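Participant: Handing you a structure now.
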Amino acid sequence: MSRACWVLVGSLACTCLAAPVAWSCKPGQGFEPNTELEKAYCQLLGKGADLPSIRDFRRNSPAVQRLLLSRPAARVGLALPAIPNKKPPSPAEAKTVLAEPSNRRPQAEPQFSRDSTVVAAPAPGGSVDSDSCRLFADVIRCAGDEYRLVLNLPNHRLPKGSLSAANRLQLSPIGVEAPPRQQDLYGSYRHYIEKMLSIGLGGSTMSYSKFYYTWEESRAQRQNFVERLAQMFEYLKRDKQTLAVKSRYDHKLPAAISWCQPLSHDLWTCDNKHRNWVYRR
């Protein structure tokens, strides 16, 4: 019998349907923990906690791994280790994961694999002149327009009904037989970002690259991508009703405007493969 399992991708939950997998933390019997958080994962797994597979767990940042473990750890009284501090990548390292500005809006369909760096997104319709835009840390200025960095919001700052059953993520159907048109998938990504903003999780979003990879993974596994994202959104609403979220989990910011692209007249997104930032007018 299958069960629902979920994993945070980047800083948010993605759902899938998978058969239960028996993971062992004993040497030579599954996997060996490499970090303090993975050791805590093993302890909780041994106590019967319902956790994602180690493969999915390891795809997350330490901050998100800790969030995944927080609820089951509280149930059994297990103290979780602090999130380790990491030095930001050097400029040389950062360049290895960035697409050049001229490659941000190719006409051809994007090619993507597990080892790809950045999937370029198509330019939005309209007259956004990104060449005139400048990045100033948590602000993007474009001629007379100003876009500010979006952070996570506490529930009391959300409009009434934001976390209710009526607020659903309903993407247009996306087939699995062939790659979708770039504009169709990017339109779904824009709708996903708007919905994340509606529940106060604008600071915890997937990059377009990860969104595309999630679709590619769903396609390979013959899963319904639209249903998978809709179920993810329900998990997020449920957890946000009971779990406090920080406005931000670090103070990293995009280093250059070349990391960014307009999503619509009101939104910009920036990413460096591992992290996504949303700016709103």
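No lab work stands behind these numbers, since they all come straight from the coordinates. All of these numbers come straight from a predicted model, not from anything done at the bench. Here Cβ is always computed from backbone atoms with ideal geometry, including for glycine, and neighbour counts include all displayed protein chains.
Participant: Take the cross-link list Lys39/Lys246; Lys160/Lys252; Lys47/Lys160; Lys195/Lys252 and give me the ones stretching past 27 Å between alpha-carbons. Walk me through the numbers before you get to the answer.
Facilitator: Working: Lys39/Lys246 24 Å; Lys160/Lys252 31 Å; Lys47/Lys160 38 Å; Lys195/Lys252 23 Å.
Check vs 27 Å cut-off fails for Lys160/Lys252; Lys47/Lys160.
Participant: Return His191, His251 ranked ascending by Cβ neighbour count within 10 Å, so the fewest neighbours appear first. Spell out each step's value before the answer.
Facilitator: Details: His191 15, His251 8.
In increasing order of surrounding Cβ atoms, one gets His251, His191.
Participant: At 7 Å along Cα-to-Cβ for each site, give me the label-to-label distance between Arg141 and Glu32 in nm.
Facilitator: If labels sit at Arg141 and Glu32, their model points lie 5.4 nm apart.
Participant: Oh, and also: Glu234 label point, 7 Å along Cα→Cβ, cut-off 19 Å on backbone N: hits in region 140-169?
Facilitator: So the set is 161-169.
Participant: Quick one: length gained pulling Arg58 to Arg181 fully straight, 0.36 nm per residue minus the C-alpha distance?
Facilitator: 41.2 nm
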